[in-house]
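**Student:** Would you mind keeping the following structure in view while I ask a few things?
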Amino acid sequence: MERYADTVLRLCLIHLKNHADAEDAFQTVFLKYALCSVVFESPEHEKAWFIRVTLNACRDSLRQLFRRRTVPLEEAAALPADAPQRHQDLWEAVLALPPKCRDVIYLHYYEGYPAPEIGRLLHKNVNTVYTLLHRARAQLRETLGGDADEE
């Protein structure tokens, strides 16, 4: 739990945009881990398992009927009050991306995964991952007003 708690919670917050729901999904992921009998080949395999199970838990939570008929109390995950405005704007822009783009941006920039590994984690073609990264960067550049030469 010490190794993957931060990653799991961040993924949950990105997808669910609600701290309480993120904590529920977080708990579900670690409960599944405690009950699973999978033998992991390596730490990378274990981390990939956590990411996959977290994404599935978030999707399951979003599919529940009661979520469709309610309005979330929080619009986005709140950053600490002392975070610079630039970081908060970036975080809000990332949260505003479509889910497919949000996933690849998070895994690439926050978790440090290369595109081929992201493709394996998300069960997508590598070229699809590159396309999603390109589109997400373009949307972020447009939203944040960045220079076209920066990448």
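**Student:** Quickly rank 54-61, 117-124, 2-9 as a protection proxy: mean count of other C-beta atoms within 10 Å, highest first.
**Tutor:** 54-61, 117-124, 2-9
**Student:** I would also like to ask the following. Mean 1/r over all different Cα pairs, inverted: what Kirkwood radius does segment 1-59 give, in Å?
**Tutor:** Across segment 1-59, the inverse of the average 1/r is 11.4 Å.
FYI, it's all coordinate maths here, none of it is from the lab. Treat the numbers as computed from the prediction; the structure is a model and nothing was measured. Reconstructed Cβ throughout: ideal geometry from the backbone, glycine too, with neighbour counts over all protein chains shown.
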